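Here is the structure we will look at.
The values are calculated or read from the model by the stated rules, or taken from the named source; none is laboratory data. Fair warning: this is a prediction, and the values are worked out from it, not measured in the lab. Cβ: placed from backbone, ideal geometry, glycine included. Neighbour counts: every protein chain shown. Ligands, DNA and RNA are excluded from the accessible area calculation, which covers all protein heavy atoms including side chains. Shrake-Rupley method; radii C 1.70, N 1.55, O 1.52, S 1.80 Å.
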Amino acid sequence: MASPPADSVFAHVAAAPEDPILGVTVAYNKDPSPLKLNLGVGAYRTEEGKPLLLNVVRKAEQQILNDGSYNKEYLPTAEFNKLSAKLIFGADSPAIQENRVTTVQGLSGTGSLRVGGEFLARHYHQRTIYLPQPTWGNHPKVFTLAGLSVKNYRYYAPATRGLDFQGLLEDLGSAPSGSIVLLHACAHNPTGVDPTPAQWEQIRQLIRSKALLPFFDSAYQGFASGSLDADAQSVRMFVADGGELLIAQSYAQNMGLYAERVGALSIVCKSADVASRVESQLKLVIRLMYSNPPTHGASIVAAILKDRELYNEWTVELKAMADRITSMRQQLFDALQARGTPGDWSHIIKQIGMFTFTGLNPGQVSFMTKEYHIYMTSDGRISMAGLSTETVPHLADAIHAAVTQVV
Ligand code: LMR
């Protein structure tokens, strides 16, 4: 028998860089310090720092297991799709009533964005997508791989740690007609900065007047304000004008179904006829990528959304998560005030959702990791959901030291 060649045929493969978000957890896991704190990845934690399995999810799973007719056949997702559309667009949405919405199940937010991107690259006349600057690190890579070309529009103003509204209007105003525009439906990641309702209305008018195509990413419905309806307002504004749009929904955060990879992609069209042809093409994209979506997570979501009691219980648990995050914001702000930490930290309580974009620079971030074992992304984003009353003082000490000792 011939001996195998000495060198691997893959010997030339270079190691990929760590993911800027998930790599933070890899580094955190290697740190033996008992003080270590992971504020990198946006994943909800309890006051005890533990992942949370929602009670309502536990109940829904039990119900599914007790249902003798449950099986692992290829998934008939019609029910899940309808319920997901209703959740984001509202039960009385005219677009749903007129059958102008097509919804397909996606692999959480990322998979839904990817399917939407591929569909646009194949069937839409414009290949350029405008992303807010900054945006979630996965966005540019997902859309580039899907075949779109990525550009940015101004979004965040470092000086105010708020919205660069003028810059946003200028950049979208000069985008070529038909360009795709990625919008975070609520709780912008990474900045925690959302437009006000009046600003959303101006953005809507601009987008429609220039015939730009909105593509919403809704990863935090219910997490920003604690209300599912309030967090869907931006999207509903765009549906109400009768225009077209795409939206990717994720149940990772609001149902804590991170690893189940359950989400949805909806496209609102002008007519039922167009919607049904669009749907056939979406199914084709999916068939060639992963054939069928997984069933378990979608069954849990559908069980919760269709049952009034479970739904109500979910809204209570969701509100409790949102409230805990808001309370962390206040506690961190108070702790920095108490320490007399130089600078204006009011953005911690003004920003919304899971993340605070602290304004700390990469040097200060690495100082906090090295000296205080606090892990966060190098852009200074911290996941408020990873904090607790017990760990706030440690973080406040670290921030205080960083801003007073590192330029
Ligand atoms: C995050 O931004 O931390 C989350 O969306 C999780 C992820 O996959 O990046």
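By accessible area of protein heavy atoms, probe 1.4 Å, what ranking do L83, L35, L246 get, highest first?
These residues rank, largest area first, as L35, L83, L246.
Using each residue's phi in region 94-107, evaluate 6.51 cos²θ - 1.76 cosθ + 1.60 at θ = phi - 60° and report the 3J(HN,Hα) Karplus result to the nearest Hz, with x for Gly and Pro.
Result, rounded to whole Hz: x, 4, 5, 4, 8, 6, 9, 10, 10, 10, 10, 6, x, 7.
Give me the 1.4 Å probe accessible area per residue for region 313-365, excluding ligands and nucleic acids, in Å².
Accessible area per residue, region 313-365: 39 Å².
To the nearest Å, what is the center-to-center distance of region 198-234 and region 341-373, using C-alpha atoms only?
Rounded to whole Å, the Cα centres lie 27 Å apart.
Connecting C-alpha atoms closer than 10 Å in a GNM of the chain, tell me which of P34, P51, P293 has the biggest fluctuation.
Evaluated over the chain, the most mobile residue of the options is P34.
So what J values fall out for region 174-191 if you push phi through Karplus, 6.51 cos²θ - 1.76 cosθ + 1.60 with θ = phi - 60°, rounded to Hz, Gly and Pro as x?
So the Karplus estimates, Gly and Pro as x, are 9, 6, x, 3, x, 4, 8, 10, 7, 10, 7, 4, 6, 6, 3, 10, x, 8 Hz.
Would you calculate a helix-derived [θ] at 222 nm for the chain, using -39,500 (n - 2.57) for each DSSP H run of n ≥ 4 and dividing by the full residue count, to the nearest 500?
Computed ellipticity for the chain at 222 nm equals -14000 deg cm²/dmol.
For region 179-215, list residues with backbone N below 20 Å from a point placed 7 Å from the Cα of Q133 toward its Cβ?
179-184, 188-195, 203, 207, 213, 215
When the chain is modelled as a GNM with alpha-carbon springs shorter than 10 Å, which of L183, L288, L336 fluctuates the most?
Judging by the Gaussian network model, the answer is L288.
Tell me, what is the per residue accessible area of region 74-306 in Å², probe radius 1.4 Å?
The answer is 37 Å² per residue.
What figure in square angstrom, to the nearest 10, would you give for the accessible area of H373 with a 1.4 Å probe?
Only protein atoms counted, so the area is about 50 Å².
Given a Förster radius of 45 Å and the C-beta distance between K319 and F10 as r, what FRET efficiency does 1/(1 + (r/R0)^6) yield to the nearest 0.05?
0.35
If the limit is 27 Å between Cα atoms, which of K72/K141; K210/K306; K82/K283; K82/K270; K50/K306; K141/K283 go over it?
K72/K141; K210/K306; K50/K306
Which percent of the accessible heavy-atom area of region 74-306 goes to carbon and sulfur, probe 1.4 angstrom?
The nonpolar share, carbon plus sulfur, comes to 54 percent.
Return the long-range amide H neighbours of S149 (sequence gap of 5 or more, or a different chain), with a cut-off of under 5 Å between placed amide H atoms.
T128, I129
Given the options G343, G137, G380, which has the most mean-square fluctuation in a GNM of the chain, springs set between C-alpha atoms less than 10 angstrom apart?
Of G343, G137, G380, the Gaussian network model singles out G343 as fluctuating most.
Could you order peptides 170-177, 93-100 by the average number of other Cβ atoms within 10 Å of their residues, highest first?
93-100, 170-177
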